[in-house]
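**Student:** If you scroll down you'll find the structure; I have some questions about it.
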Amino acid sequence: MYNSLELNESVRQALDLYSQSMIKIAFAYLKNIADAEEVAQEVFLTYLQKRPVFENGEHEKAWLIRTTINKSKNMLKTGWFKSRNPVPEDLSYLPKEESDVLQAVLALDKKYRIPIHLHYYEGYSIQEIAAILQSKPATVGTWLARGRLLLKEKMGGLEDEEICL
Amino acid sequence: MKKSVYKSAMSRVKTSDDFKEATYQKMMSDIEKTTQTTNINHKERFKMEKANKKKLTGWTVGIAACAVLSFSILTMNQNAPTGTPQPTAGIVQAPTSGKVAVNIDGVISEVSADGKSFKVGDLWVKVTADTKLGIDGPTAAEPSEELLQKEFKVGNIVSGFTSGDVSTGEVTADAIYNNIAPQNDEAANPPAKGKAAVNIDGVISEVSADGNSFKVGDLWVTVTPDTELGIGGPTAAAPSEELLQKEFKVGNFVSGFTTEDVSSGKVTATNIYNNMAPAQ
């Protein structure tokens, strides 16, 4: 039992440090900022309730990202989420090139979208992504390769990209 | 795609400015809720005890109030008159003026020697030359001997009316509509004759050793050579083994009738329409 005064410092720190990462990964999953923020909030509440113990900051971030992905999946499965027809997120304020890239990535299947986000936004390696997604590194490598191929077909480029293994 | 483009795009995606603050507030309220949960349990128990006490007090007061009310009502009713209220003696109803017509309807029980008077109930009715006989008017039926006989005889049904004072026991009829002779001869209404038939319908529960009798409900039915089997008539279906099996077996559904007295518990079937094996 703890009160507001005893709000864990680590939770507050996590809120400062990782909230944007969590919102962005949830956005990559749900394609909607409002839903993404809701998921991120739920993750922090879970963090507060469960108070998991971490070895280090990276471990903590990985846990938060993993939990965000799980909660995003859960939200996708809910009936109300499936039944609604949301207005696409307005990204017109972004420069055209950025907007096009973002739209192209969001248009990919989530199987490819999430590894690409984790790699290109968070800068995780294939092995790290494999650990977060609880998959084999080879599988993650395949997802990244296919995702890139699909993006190349759509937009061109990617030849100069290298994936850190 | 260059790494920097995607990262830059994602970084520029706008999020709520107050996300951190809102999340922080939510976490605070969540903590408060968790803290209050245990306190609520204690409070609820205390409230329950208090509520029970209040309930008991309420019931006691209610029952006491009912008792007081019942006593008051009984006390007040003792002073009230017990019987039905008598009409006020001071009020005298004015006598009805004008002529009153009284119906004459009934069976003649006595006829005078001259045949001009008859008795219906306790009233002697005299028929004079002024008495109107029959029914007139545009819709009246043709006068007939059957409905208006010339002679008044004992047993005849008469109807009409008088304006005389019936309390004297003797009046003159103003009109006689009908004077109908009773239909009591057997030729007119012959008594009903013939036998009563009783249906035999049900499932055979028992069959006699010889196979000629079976039990349906509480009734034993015997089938003799005189029993007519099947359904006759021009519209009857062709006889079939399915509808009328040769043997009577337990579980078969039979239908028919008997003209014998079923109260004896044993009858001979007059007709058996169907003897069907149960559906498999």
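**Student:** How about the range A:25-109: which helices (runs of 4 or more DSSP H) wholly inside it have at least 1 residues that are within 12 Å of another protein chain (Cβ to nearest Cβ)? Steps first, answer last, please.
**Tutor:** Numbers: elements: A:33-50, A:57-77, A:79-83, A:96-107.
In the range A:25-109, the matching helices (runs of 4 or more DSSP H) lie at A:33-50, A:96-107.
**Student:** Next question. If I go through the range B:197-217 residue by residue, how many of them are without any contact (Cβ under 8 Å) to a residue 24 or more places away in the chain and either touching a helix residue (DSSP H, G or I) at 6+ places or on another chain (Cβ under 8 Å) or at positive phi (or both)?
**Tutor:** So the count comes out to 1.
**Student:** Give the number of residues within the range B:124-136 that are of a type in the set (A, V, I, L, M) and farther than 15 Å from B:Asn156 by Cβ.
**Tutor:** Pass one, the range B:124-136, residues of a type in the set (A, V, I, L, M): B:125, B:127, B:129, B:133, B:135.
Right, trim to farther than 15 Å from B:Asn156 by Cβ and you get B:129, B:135.
Within the range B:124-136, residues that are of a type in the set (A, V, I, L, M) and farther than 15 Å from B:Asn156 by Cβ number 2.
**Student:** Filter the range A:44-91 down to the residues that are of a type in the set (A, V, I, L, M), open to solvent by less than 30 Å² (accessible area, probe 1.4 Å) and farther than 20 Å from A:Ala130 by Cβ and list them by number.
**Tutor:** Matches in the range A:44-91: A:Leu45, A:Leu48, A:Met75, A:Leu91.
**Student:** Can you tell me which residues in the range B:219-259 are out of contact with any strand residue (DSSP E or B) (no Cβ under 8 Å at 6 or more places or on another chain) and of a type in the set (A, V, I, L, M)?
**Tutor:** Of everything in the range B:219-259, those that are out of contact with any strand residue (DSSP E or B) (no Cβ under 8 Å at 6 or more places or on another chain) and of a type in the set (A, V, I, L, M) turn out to be B:Ala236, B:Ala237, B:Ala238.
**Student:** Specify the residue that is modelled with the highest pLDDT; the eligible residues are those in the range B:193-211 that are surrounded by 15 or more Cβ atoms within 10 Å (Cβ to Cβ) and closer than 11 Å to B:Ala269 by Cα.
**Tutor:** B:Ile200
The values are calculated or read from the model by the stated rules, or taken from the named source; none is laboratory data. The structure displayed is predicted, hence computed values, not measured ones. Because the Cβ atoms are built from the backbone with ideal geometry, glycine has one as well, and the counts that use them run over all protein chains shown. For accessibility, only protein heavy atoms count, side chains too; no ligands or nucleic acids. Shrake-Rupley method; radii C 1.70, N 1.55, O 1.52, S 1.80 Å.
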